[in-house]
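Peer 1: Sharing a structure, written as structure tokens. Questions coming.
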Amino acid sequence: MKKKNKSFTYLFEIGKWAILVWLLWPLLTLQAAKMSLWRVVLGVLLAVIYFGKLFYDIVLDNFKQKKERYSVVDLLMLVAFIAVVALLIGGAVLLIGLYVMKQVQEGSGG
């Protein structure tokens, strides 16, 4: 029973990241004509949450053995990590958008 539960956990994680890649695929291939806004927004939202949780788990693992944990501190750390990842992804999307806008302006102006 334990092996079945462990394999289900692995399949769930793989499926979760596969759905994220599917949602963000239009951004990765820059298919602007076929891009669906809800799909990209949902993908970015899930990416922020997944990566924030991933970094939270990695950092928290280092402190688990060293000291006691409090649920309020854990919650605040999770929210902080998600906020940092949101700012990083938002900045990256903004920079990519500015780059694409610059390329479009140079192409139509030349």
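Peer 1: Subtracting the Cα-Cα distance from 0.36 nm times the residue separation, let me have the gained length for residue 95 to residue 59 in nm, one decimal.
Peer 2: 10.2 nm
Peer 1: Let me ask something additional. Sort 61, 74 by Cβ crowding within 10 Å, fewest neighbours at the top.
Peer 2: Details: 61 9, 74 13.
With the sparsest Cβ surroundings first, the list reads 61, 74.
Peer 1: Something else about it: Across the range 2-109, how many lysine pairs, 8 or more apart or on two chains, come within less than 28 Å at their alpha-carbon atoms?
Peer 2: 21
Peer 1: Still on this structure: For residue 108 and residue 40, FRET efficiency with R0 = 35 Å and r from the beta-carbon atoms, rounded to 0.05?
Peer 2: It comes to 0.90.
Peer 1: Another one. Mind checking the full-extension length gain between residue 5 and residue 76? Use 0.36 nm per residue of separation minus the Cα-Cα distance, one decimal, nm.
Peer 2: Separation in residues times 0.36 nm, less the Cα-Cα distance, equals 22.6 nm.
Peer 1: When you count, for each residue, the other Cβ atoms within 10 Å and take the mean per peptide, how do 39-48, 94-103 rank with the highest first?
Peer 2: 39-48, 94-103
Peer 1: Let me ask you something else. With θ set to phi - 60° and the Karplus curve 6.51 cos²θ - 1.76 cosθ + 1.60, what are the ³J(HN,Hα) couplings of the range 100-108 in order, to the nearest whole Hz, using x for Gly and Pro?
Peer 2: Per-residue couplings from phi come out as 5, 4, 5, 5, 5, 5, 5, x, 7 Hz.
We did not get these values from a lab; they are worked out from the coordinates using the rules stated. Fair warning: this is a prediction, and the values are worked out from it, not measured in the lab. No Cβ is skipped: glycine too gets one built from the backbone with ideal geometry, and neighbour counts run over all protein chains shown.
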